[in-house]
Amino acid sequence: MNYTLVPRQSVGPVRFGMSRGEVRAALGRPNSSGDRYDGLLYDSYRPLNLRVYHSPQAPHPCVAAAVEYPGGLELDGQALVWRPYAEIVAFLRARDPRLLARTGQVLSVALGLEYADGTASPDGMAPAVQVTAFAEGYPVDDGELEEPEARAAWAYEPGAGVGPLRFGMGRDEAHRALSAWAGEELEFEVMGHDPDCEYCAAWDLRLYFERATGGCNAVEFFWPPRSPQVVLMGRRLLGHPEDGLVEWLKALDPALDFDDGSQGYVSPRYGLYFASNEQFGRVDNLAVFSKHWPPR
């Protein structure tokens with residue numbers, strides 16, 4: 001079975017963040033289950049050539065999925081399994097210049113992909129037999145990638161916009177502005193679960209549009225950075241230790257508070273939402289908004 005990868009979001013029908021029960025409802029009963037050495041829970045679906053990993057914390061959200069040959073995984077129509085490592089590395093490096101490729105491991109934190117076996121190498125001709133796609137909450141040995149630099153930096157002006165995007169822009173106007181900034185025609189995909197949200201894979205951005213007016217009312221970013229870095233008053237926000245950002249913003253906006261629904265902090269004054277990966281404690285999800293979070 002072949003699966004399509006949406007980086008850091010899904011592998012085929014498995015969406016990262018789904019509870020263990022939701023994954024089982026979608027895939028059926030696993031053939032085997034257990035605990036991995038690092039505490040992650042796993043369910044193995046052998047007929048599907050798929051192993052799904054879950055956080056040990058209830059409701060056990062999905063954090064990764066491993067696809068094994070003869071199963072297949074594709075990104076932008078290109079095979080990521082049963083293909084020589086040299087070809088895979090070249091393909092992935094074009095999409096992630098900070099790709100880590102060394103003997104025994106090929107890792108892209110930005111794309112959420114890891115190959116870890118003895119045959120992995122930057123120029124090897126042996127075919128990859130398994131790849132793990134992951135999202136936040138999945139532990140990786142990222143070595144020299146501890147402090148990745150963003151591909152670009154966007155200044156955030158609360159109430160006005162971020163980078164080339166202005167709050168209130170219609171979809172077409174926002175598409176043109178972002179494409180002009182990038183210097184290429186970008187593609188936008190309407191999120192299946194939310195018709196008012198569009199995803200730009202090239203820059204790992206989500207754009208939200210107000211249903212009543214059609215105007216852009218929020219932009220969401222992710223770290224490690226394929227998204228642009230977001231800068232507020234000279235401070236870089238993505239990848240910032242969450243505790244330090246909370247302390248800084250609390251002094252500026254006493255209304256800053258943790259939102260149980262979105263599982264992150266919301267600053268009404270600055271139109272900011274941010275959340276961190278519990279393992280590393282750094283802000284890995286951030287949104288700027290004009291009126292509300294979640295947007296509506």
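The values are calculated or read from the model by the stated rules, or taken from the named source; none is laboratory data. Please read these numbers as outputs of a predicted model, since none were measured by experiment. Cβ coordinates were reconstructed from backbone atoms using ideal geometry, including for glycine residues, and neighbour counts include every protein chain displayed.
Below, the figures for the structure above:
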{"item": "Elements of type strands (runs of 3 or more DSSP E) contained in the range 223-296, each with 2 or more residues being within 19 Å of the chain's Cα centre (by Cα) and not assigned by TED's automatic domain parsing to the domain that holds Glu136", "result": "229-232, 264-267, 272-276, 283-289"}
{"item": "Matching residues, the range 232-291, being touching a Phe, Trp or Tyr at 6+ places or on another chain (Cβ under 8 Å), among the charged types (D, E, K, R) and free of Cβ contacts under 8 Å to residues at least 24 places away in the same chain", "result": "Arg235, Asp253, Asp257"}
{"item": "Cys200 in contact with a helix residue (DSSP H, G or I) (Cβ under 9 Å, 6 or more places away or on another chain), without any contact (Cβ under 8 Å) to a residue 24 or more places away in the chain, under 19 Å from Leu186 (Cβ atoms) and assigned by TED's automatic domain parsing to the domain that holds Val283", "result": "yes"}
{"item": "Residue match in the range 133-149 (condition: modelled with pLDDT of 95 or more and either in the same structural domain as Arg36 (by TED's automatic domain parsing) or part of a loop (DSSP other than H, G, I, E, B) (or both))", "result": "yes"}
{"item": "Identity of the residue in the range 150-197, assigned to a helix (DSSP H, G or I) and touching a residue at least 40 places away in the same chain (Cβ under 8 Å), that ends up farthest from Arg98 (Cα to Cα)", "result": "Arg171"}
{"item": "Met169 vs. criteria modelled with pLDDT of 90 or more, in the same structural domain as Tyr273 (by TED's automatic domain parsing) and touching a strand residue (DSSP E or B) at 6+ places or on another chain (Cβ under 6 Å)", "result": "yes"}
